[in-house]
Each structure stands twice: as C-alpha cells, then as structure tokens.
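Data first, discussion second: the structure below is written as structure tokens.
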Amino acid sequence: MTLSIPTILAIIGMAIVTYATRIGGLFFADKLQFKGKAKAKAAFDEIPAAVLVSVIAPVVLTTGPAETIAALITILAARRLPLIAIVIVGVIAVVVLRLFMS
C-alpha cells in the first residue's frame, strides 16, 4: 500500500483539527458560565453521550443483525448496570450473536 502526498497531508490536517478541537474544548469549557441557564447546562452535559451515539449508530445500523441485536441488549443493560458491566455485556453479546448468526 502506498500513500500519496495529498493523502498524507489530509491525514495530518485532520489530526491537527481534531487535536485543536479537543484542546479548545478543554480550554473553553472552564470559561463557560451557566448561571441561571439550566437548559443550556443540561444540553452541554449531554454532549458526550450524543457524540458516542453518533459514532456507534452507523455501525449498528449498517453492519448486520447481530450487531443491531447486541446494541439493543447493551441499551437494556445500560438501564441497570455500571459502565464496565455494560461494555462487557455489549462485547459478549456481539461475540455470541456473531457466532450463532453467521
């Protein structure tokens, strides 16, 4: 596999932009004032969950039935279990469902 110069520059550019947005978010998050703005603070607190869903949803909806069912099982587990247990349930569900549905 060979990489062309434009591809390498695109990868470097995307890495710089990603890093800058993460550092910027950490820097500016402390500066935000939410006094008297409960809805804005609540929305801001939900950003990590929204980002996680936006990363996971395409995989769940485009890969196959095993992954979709495993996601549903994981969502149900998330209602009762702590985070590490949710991850374990999700991984086991995908492995078992892929084994039996393949």
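The values are calculated or read from the model by the stated rules, or taken from the named source; none is laboratory data. This one's a predicted model, so the numbers in the text were calculated from it and none came from an experiment. Heads up, the Cβs are rebuilt from the backbone with ideal geometry, glycines too, and the neighbour counts pull from every protein chain shown. With ligands, DNA and RNA removed, areas are computed over all heavy atoms of the protein, side chains included. Shrake-Rupley method; radii C 1.70, N 1.55, O 1.52, S 1.80 Å.
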Leaving out ligands and nucleic acids, and using a 1.4 Å probe, what accessible area per residue does the chain come to in Å²?
83 Å²
Taking the Cα centre of the chain as the origin and placing charges on Cβ (Lys, Arg +1; Asp, Glu -1), which of LEU9, LEU61, ALA43 is farthest toward the positive end of the dipole?
ALA43
Carbon + sulfur, % of accessible area of the chain - ligands and nucleic acids excluded, 1.4 Å:
76 percent
Using θ = phi - 60° and Karplus 6.51 cos²θ - 1.76 cosθ + 1.60, couplings along the range 83-89 (whole Hz; Gly, Pro as x)
4, 5, 5, 5, 4, 5, 4
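Which order do you get for THR21, THR2, THR62, THR74 if you rank them by accessible area with a 1.4 Å probe, largest at the top? Can you show the working numbers first?
Working: THR21 90, THR2 130, THR62 110, THR74 35 Å².
Descending accessible area places them as THR2, THR62, THR21, THR74.
So what is the 222 nm mean residue ellipticity for the chain from helices alone, if each DSSP H run of at least 4 adds -39500 (n - 2.57) and you divide by all residues, rounding to the nearest 500 deg cm²/dmol? Mind showing how you got there, number by number?
Values: 5 runs with 82 residues, N = 102.
Roughly -27000 deg cm²/dmol at 222 nm, from the helical runs in the chain.
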Where a ≥ b ≥ c are root eigenvalues of the Cα gyration tensor, a/c under 1.5 meaning rounded, otherwise prolate if a/b exceeds b/c and oblate otherwise, the chain counts as oblate
³J(HN,Hα) across the range 60-75 via Karplus (A = 6.51, B = -1.76, C = 1.60, θ = phi - 60°), whole Hz, x for Gly/Pro?
5, 8, 10, 8, x, x, 4, 5, 5, 5, 4, 5, 5, 4, 5, 4
With every protein chain in place, the accessible area of VAL51 for a 1.4 Å probe, in Å² rounded to the nearest 10, comes to 80 Å²
Those trypsin sites (Lys or Arg not before Pro) from the range 12-66 that are DSSP loop and have at most 11 other Cβ neighbours within 10 Å turn out to be LYS31, LYS35
